[in-house]
1. Hey, among the residues in the stretch 178-197 that are open to solvent by 10 Å² or more (accessible area, probe 1.4 Å) and near the ligand (Cβ under 9 Å from one of its atoms), which one's nearest to residue 55 (Cα to Cα)?
2. Output the residues belonging to the stretch 336-357 that are within 24 Å of the chain's Cα centre (by Cα), assigned to a loop (DSSP other than H, G, I, E, B) and within 26 Å of residue 112 (Cα to Cα).
3. Answer yes or no: is there a residue in the stretch 290-301 that is in a helix (DSSP H, G or I), open to solvent by less than 40 Å² (accessible area, probe 1.4 Å) and either within 26 Å of residue 184 (Cβ to Cβ) or out of contact with any helix residue (DSSP H, G or I) (no Cβ under 8 Å at 6 or more places or on another chain) (or both).
4. Take the residues of the stretch 167-177 that are within 10 Å of the ligand (Cβ to nearest atom) and more than 15 Å from residue 69 (Cβ to Cβ): which is least open to solvent (accessible area, probe 1.4 Å)?
5. Would you check which residues across the stretch 63-118 are crowded, with 24+ Cβ neighbours inside 10 Å, part of a strand (DSSP E or B) and in contact (Cβ under 8 Å) with a residue 24 or more places away in the chain and list them?
6. Considering the stretch 358-379 alone, what residues qualify as being outside any helix (DSSP H, G or I) and closer than 15 Å to residue 275 by Cα?
7. Please find, among 103, 115, the residue that is within 15 Å of the ligand (Cβ to nearest atom) and of a type in the set (D, E, K, R).
8. Out of all the residues in the stretch 154-162, is one or more over 29 Å from residue 223 (Cα atoms) and open to solvent by less than 10 Å² (accessible area, probe 1.4 Å)?
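The values are calculated or read from the model by the stated rules, or taken from the named source; none is laboratory data. Just so it is clear, the model here is predicted, and its values are computed rather than measured. Cβ atoms come from the backbone with ideal geometry, glycine included; neighbour counts cover every protein chain shown. Accessible surface is based on the protein model in full, side chains and every heavy atom, while ligands, DNA and RNA are left aside. Shrake-Rupley method; radii C 1.70, N 1.55, O 1.52, S 1.80 Å.
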Amino acid sequence: MITMKHYPFLDLKTVNEPYRDAMVEAMTRVVDSGWYVGGPEVEAFESALAAYCDVPYVVGLTNGLDALRLALRGYIELGRLGKGDKVMVPANTYVATVLAITDNGLVPVFVDADDMTLNMDTSRLDEYLQEGVKAIMPVHLYGRVCWDEALRDFVQRHSLLVIEDNAQAIGAVATCDGLFGTRHSGGLGHAGCFSFYPTKNVGALGDAGALATHDAELAQAVRAIRNYGSLRQYDNIYKGLNCRLDPMKAAQLTVKLPFADMENGARAKLAGIYDCYITNSLVRKPLYAEGAADSVWHQYVVRVDDRDAFRAYLLENGVETAVHYATPPYRQTCYAEYAGIDMPVSDEIARTCVSLPISRCTSLDDAMDIAEIVNGYRR
Ligand SMILES: *Cc1c(COP(=O)(O)O)cnc(C)c1O
């Protein structure tokens with residue numbers, strides 16, 4: 001009997017296998033230190049991440065959503081944003097970006113996606129600008145940097161705060177300078193928000209996140225907010241929260257961060273194989289301008305008209321796929337007030353997108369096989 005080969009979408013045990021022993025050692029160090037909240041492990045990771053993404057301040061937090069909402073909350077506490085202010089955000093994002101806005105009593109202004117980059121359409125920002133917009137949250141979706149001269153010029157002309165959702169793009173490099181010179185994603189605007197959710201390019205064994213910023217005042221405010229609103233014990237300057245990164249997670253991440261570029265490089269190789277070998281005209285591959293290498297390939301997303309049939313065909317041939325995301329935020333039940341808005345490109349992406357396997361669970365040979373299977377798809 002011939003057993004069909006299986007191509008898993010993602011298996012987190014396999015992803016963490018190369019780091020297992022080093023992480024166990026690091027976690028043992030935490031257990032034996034007697035220090036289980038804050039402290040040197042958290043500080044060491046914060047410094048390492050700051051150096052890696054070329055920003056002066058990093059604050060370790062519980063998860064990516066908390067990084068996003070505390071960035072906004074910090075600016076509210078500093079008086080740079082106020083309740084009811086508007087924040088531009090891509091219509092085509094994971095719901096967390098929008099949750100961070102509404103959680104703070106701010107108002108999202110959705111910007112439709114660009115059909116090529118699948119990110120916020122930076123050529124149409126002026127069309128979407130409204131009275132009361134004070135900030136913008138570019139999302140580097142699928143690992144592709146959302147930053148170019150049009151966006152930089154727009155935020156400078158309108159003096160907007162820029163809070164990047166860098167949950168999917170750690171290690172990415174933009175093709176033009178950020179507001180503070182560096183081209184590293186997460187350091188392009190005033191603040192950058194990281195997620196270390198297990199499936200991200202650098203993932204902890206559980207939830208974790210961080211805020212990176214060029215703004216010393218914001219770093220200070222977020223440090224306080226994550227710690228009940230307090231920088232000195234029993235002195236509460238804000239009505240804060242408890243959103244601290246655990247030393248256990250920080251120790252795991254200190255092990256994995258030095259390999260971020262290597263992991264991203266492995267993803268880029270798989271993407272290169274898909275780019276090169278997928279030739280089925282029913283399958284739209286990601287499109288890149290000549291020479292642009294501004295993605296860390298968190299997902300490899302193709303677009304297919306009859307998605308269900310395509311996914312069923314792949315699964316029959318052993319290939320697992322995923323969909324990121326079938327329902328955009330403005331079509332979620334919780335955002336019924338935005339259900340009427342017209343976002344044709346985002347709707348089209350949501351209807352047609354399919355993510356192919358792109359992780360340590362996929363070898364280069366597997367990617368060649370998957371490309372061949374994709375090429376065998378017929379309507
Ligand atoms: C994962 C993710 C988040 C949320 O991060 P968590 O750590 O899961 O809270 C936010 N935005 C985007 C684009 C993400 O992919």
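1. Ranking the qualifying residues of the stretch 178-197, first place goes to 195.
2. 343, the sole residue that qualifies.
3. No, that holds for no residue.
4. Selected residue: 169.
5. Across the stretch 63-118, the qualifying residues are 87, 88, 89, 90, 113.
6. Answer for the stretch 358-379, where residues must be outside any helix (DSSP H, G or I) and closer than 15 Å to residue 275 by Cα: just 358.
7. Of 103, 115, the one residue that is within 15 Å of the ligand (Cβ to nearest atom) and of a type in the set (D, E, K, R) is 103.
8. Yes, the stretch 154-162 contains a residue that is over 29 Å from residue 223 (Cα atoms) and open to solvent by less than 10 Å² (accessible area, probe 1.4 Å).
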